[in-house]
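Peer 1: Please see the structure below; I have some questions.
The values are calculated or read from the model by the stated rules, or taken from the named source; none is laboratory data. Remember, it's a predicted structure, so these values are computed and weren't measured experimentally. Neighbour counts run over all protein chains shown; Cβ positions are idealised from the backbone, glycine included. Protein only, heavy atoms only, side chains kept; ligands, DNA and RNA dropped before computing areas. Shrake-Rupley method; radii C 1.70, N 1.55, O 1.52, S 1.80 Å.
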Amino acid sequence: MQIKSINYRFREKLNSTLGGEAHNFCYQCGACVGDCPAAMYSEDFNPREILLQALLGNEDALTGEDSPIWNCTNCYTCYERCPQAVRPVEVIIALKNICFEKVTSVPEVRELVNSVKATGRTVKITSLSDRRRKELGLKEVKIVPIEELEKLFEP
Ligand code: SF4
Ligand code: SF4
């Protein structure tokens with residue numbers, strides 16, 4: 001890959017986003033890849049490569065619609081493995097937050113966020129799920145106080 005120039009403007013943006021600043025300490029050892037479950041199942045996913053793109057400030061690759069970051073399962077294994085305390089998962093979460101600002105998050109994730117804002121849940125509670133809960137002897141699901149949630153979502 002030929003590198004034209006490093007996009008420091010994007011790196012500054014990542015530095016000022018919670019969890020993103022530690023990307024500066026990555027020395028590309030690859031320890032985060034070995035036990036990464038997403039890397040085991042997807043050839044397109046590699047946390048070391050994501051960190052390399054972050055060091056290059058490759059905004060398009062990391063926050064475009066085809067960004068690989070959405071394949072991360074947030075399992076935090078890489079957080080434990082990284083010898084540089086880069087906390088790769090938190091850099092990836094920071095990149096996801098930047099995507100939300102740019103409205104380039106994947107539609108499925110945006111749908112989940114909209115559902116949480118509207119109902120307080122990521123999945124709809126249907127009459128079937130209510131019935132199944134009753135059969136299993138579980139309590140009724142409580143209604144989420146949306147007005148409390150709205151306060152949390154206020155900027
Ligand atoms: S994030 Fe940490 S473990 Fe992964 S390549 Fe960089 S220094 Fe190595
Ligand atoms: S948090 Fe993401 S990048 Fe880190 S090990 Fe888990 S799936 Fe891989």
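Peer 1: How many residues, within segment 69-83, are buried (at least 20 other Cβ atoms within 10 Å of the Cβ) and under 18 Å from Glu43 (Cα atoms)?
Peer 2: The initial filter retains those residues of segment 69-83 that are buried (at least 20 other Cβ atoms within 10 Å of the Cβ), namely 69, 72, 78, 82.
From what's left, under 18 Å from Glu43 (Cα atoms): 69, 72, 78.
Number satisfying all stated conditions: 3.
Peer 1: Which one of these does Glu43 not meet: (1) closer than 19 Å to Asn97 by Cα; (2) open to solvent by 40 Å² or more (accessible area, probe 1.4 Å)?
Peer 2: All conditions pass for Glu43, except number (1).
Peer 1: Of the residues Glu111, Glu90, Glu150, which is at pLDDT 85 or above and over 30 Å from Phe10 (Cα atoms)? Quick ask: steps written out before the conclusion?
Peer 2: Numbers: Glu111 fails: over 30 Å from Phe10 (Cα atoms); Glu90 fails: over 30 Å from Phe10 (Cα atoms).
Every option except Glu150 fails the conditions.
Peer 1: Still on this structure, I have one more. State whether the residues of segment 84-102 include one that is farther than 29 Å from Leu149 by Cβ, open to solvent by 30 Å² or more (accessible area, probe 1.4 Å) and over 12 Å from the mean Cα position of the chain (by Cα).
Peer 2: Within segment 84-102 (the criterion being farther than 29 Å from Leu149 by Cβ, open to solvent by 30 Å² or more (accessible area, probe 1.4 Å) and over 12 Å from the mean Cα position of the chain (by Cα)), the answer is yes, since at least one residue qualifies.
Peer 1: Does Ser105 satisfy the condition of being at pLDDT below 95, more than 10 Å from ligand 1 (Cβ to nearest atom) and over 14 Å from the mean Cα position of the chain (by Cα)?
Peer 2: no
Peer 1: Which of the helices (runs of 4 or more DSSP H) contained wholly in segment 75-147 include at least 1 residues that are in contact (Cβ under 8 Å) with a residue 60 or more places away in the chain?
Peer 2: Numbers: elements: 77-81, 88-102, 107-119, 127-135.
Fully inside segment 75-147 and qualifying: 88-102.
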